[in-house]
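Contents: one structure, followed by commentary.
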Amino acid sequence: MPHSAPVPPTGFQALILCGPGVSLNTFTSNPEEFPKALIPVANRPMVWYVLDFCYRMGINNITLITPHSSQAPLEAALSQNPHLTSLPSPSPSVLAPSDLTLTTGTAELLRLPEVQACIKSDFLLLPCDLICDISGESLLEAWMVSQGAFGGSTLAGGWNTNGPKTVGMGGEAGGRRGGLAVYYQTKGREESVKGEVTDFVATAPLEQDEAPAVSHPADGPAALRFGLSKLVLSMPMDTAQEKMEEDKGLLIRHSLVKKHAKVKMLTSYRDAHLYVFPYWVKEFAHVNEKFESVSEDIVGWWAKTDWQVGLGEKLRLNEIFQQSHRVGESGSLDDESIEEEIDIKAMSTTKAGAGESCDSSLPEAPTEFQFASRVKSSGIDSGIEPPHKENLAIPPVLAYMHSSLPSAPLIRRVDTSTLLLSVSLHLAKLESIEEAGRVAASPFAHNQKVAESAGVAQRCTVTKSDCLLAHNVTVEEKCVIKESVIGTNCHIASGARLTRCLIMDGAVIGERCQLTGCIVGRRSKVGRECVLKDCEVQDGNVVEDQTDAKNEKFMMFEGLDDDADAEGIDVSEDFGEDGSDLGF
């Protein structure tokens, strides 16, 4: 039987940020050996899910960006781990910038020379801890239908000779090619957990001429692009609450209400840190040296430029787009490849601002703009003269708000121990390929729920509908295992009872143990007759016999949190203020 045809390349590239995972410090205390990207989620390395997501949407130009200390284990896993080696070719490359440190923010990371040289086209920016079952090709289709430029409008040169630049009436100078950010509902889902981090998000509906002008089915992957809206505000919920306490209320600018009569404000959604960015965002991050976070600074400030007068010039977007326009005028593909007499953009009726020009020769208004104090306090350079008003068409940031229905596809970031357990148990309930068939099965389904039944004793109970047992697992008699995930080479001694547990590779559970809601790290051992509830056991640790504990972390280095704080590292976040942002 011939193999199915591979998905053709999309022309995008994907950057996956793989931090050491301080927010999961129980299992990532030694990133030189075991970084966050390799933590097992339902018996697969965490990074497998985001790699599979990219390959399924047709992107095979993938780069993993990681600190130098984690480069070796990541490269070894890509060449040796059976789950990662089973992914399509070509294998992703690993980039370890020399100046990348534990306190580097994600926007700062984009300014590193190695990363700037790596970005050569429109790109996706993703975290290594993303579990996403939505249709990736529909996500790209949503961006291309609403924001993509006309084909053939690229040429080399401009800000950077390392890659193409989109120019002309279909490119940045025409106010096209915005971004797309994905948000998901944190409440009311089976995998929801108490106290999950959320964002304060405000969206406005697209105008009739901005929405995709094509017919669509009532449901299905192709309908994804019709759930798009325009992002006008985005910040972490903690930041929003601090501003409300400081201002004694929620203050909204008149310019926002004047520009958008209908604004929806959401507090239970979370930024998935899954972004579709045009190539020019690379330069946007480069010229704004005060930017630290992708989510708060790049996306947050960009969203405000749609309604906050003069902010686009303050963020030097006029320089980026006008320089692109100048390159389009001076550069050439062929002598007759671009006819300046034909205003292609003016012909478009499906995009905002059709027929408008961004020519810098337009007359300037005599008045100056009064910028918000929040712009000044953000650290953005305020030494330049206040800009004059000009017709600067800034492409928008679109938001896809993922459905909160229980039947909606799974999308989650696994950046805490609670989410690691919740998502793993949710994936364990998926029907196996053996049960559902290869076509109907989820892309996250395993071939079998119990990989090797020979190691499971006859006189024991294992609920296959909600359990996953990997290869070479030994389960002795009189054991009861319900709603649990057990990794390779684990040994469960006689009489043990496991309920809602995640047992990682090589762990040993002693006789007559009772574990409920626990995560046991790799090559660790839980002594006989232990009773543990909602506990975490660090990799390689040993829990003494007959231990009775609840909500505890068994770690060999008790002073880890204090040491991290002394070095200026927030143990609840990764990589400075941008903590869990994009996996760092």
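The values are calculated or read from the model by the stated rules, or taken from the named source; none is laboratory data. Computed from a predicted structure; not experimentally measured. Cβ: placed from backbone, ideal geometry, glycine included. Neighbour counts: every protein chain shown.
PRO35 fulfils the conditions (1) assigned by TED's automatic domain parsing to the domain that holds THR103; (2) touching a Gly at 6+ places or on another chain (Cβ under 7 Å); (3) at pLDDT below 80 except for a single criterion, (3).
For segment 427-460, taking the residues that are free of Cβ contacts under 8 Å to residues at least 24 places away in the same chain and part of a helix (DSSP H, G or I), the one that is nearest to the chain's Cα centre (by Cα) is identified as ILE433. For segment 512-542, a residue qualifies if it is of a type in the set (Asp, Glu) and touching a strand residue (DSSP E or B) at 6+ places or on another chain (Cβ under 7 Å), and the qualifying residues are ASP534, GLU536. Would you say SER293 is polar (S, T, N, Q), farther than 16 Å from VAL182 by Cα and touching a Ser or Thr at 6+ places or on another chain (Cβ under 8 Å)? Yes: the conditions hold for SER293.
Would you check if GLU476 is farther than 27 Å from SER29 by Cβ and over 32 Å from the mean Cα position of the chain (by Cα)? So GLU476 passes the test.
Hey, among GLY495, GLY540, which residue is more than 31 Å from the chain's Cα centre (by Cα) and among the small types (Gly, Ala, Ser)? The conditions single out GLY495. Screening ASN391 with (1) closer than 29 Å to GLU207 by Cα; (2) modelled with pLDDT of 80 or more; (3) in a loop (DSSP other than H, G, I, E, B) gives one miss only, at (2). Hey, does segment 63-71 have a residue that's modelled with pLDDT under 95, surrounded by 16 or more Cβ atoms within 10 Å (Cβ to Cβ) and closer than 30 Å to CYS467 by Cα? No, segment 63-71 contains no residue that is modelled with pLDDT under 95, surrounded by 16 or more Cβ atoms within 10 Å (Cβ to Cβ) and closer than 30 Å to CYS467 by Cα.
Of ALA240, ALA261, ALA285, ALA272, all but one fail to be part of a strand (DSSP E or B), small (Gly, Ala, Ser) and either in the same structural domain as LEU125 (by TED's automatic domain parsing) or farther than 14 Å from THR203 by Cβ (or both); the exception is ALA272. Evaluating SER580 against the criteria (1) of a type outside the set (Lys, Arg); (2) modelled with pLDDT under 50; (3) buried (at least 19 other Cβ atoms within 10 Å of the Cβ); (4) touching a Gly at 6+ places or on another chain (Cβ under 8 Å) leaves one unmet condition, (4). Scanning segment 407-426 for residues that are in contact with a strand residue (DSSP E or B) (Cβ under 7 Å, 6 or more places away or on another chain) and not in a helix (DSSP H, G or I) yields a count of 5.
Is at least one residue of segment 396-412 crowded, with 18+ Cβ neighbours inside 10 Å and either at pLDDT below 50 or over 24 Å from the mean Cα position of the chain (by Cα) (or both)? Scanning segment 396-412 turns up no residue that is crowded, with 18+ Cβ neighbours inside 10 Å and either at pLDDT below 50 or over 24 Å from the mean Cα position of the chain (by Cα) (or both).
Looking at the structure I just gave you, is ALA493 small (Gly, Ala, Ser), touching a residue at least 60 places away in the same chain (Cβ under 8 Å) and not assigned by TED's automatic domain parsing to the domain that holds VAL193? No.
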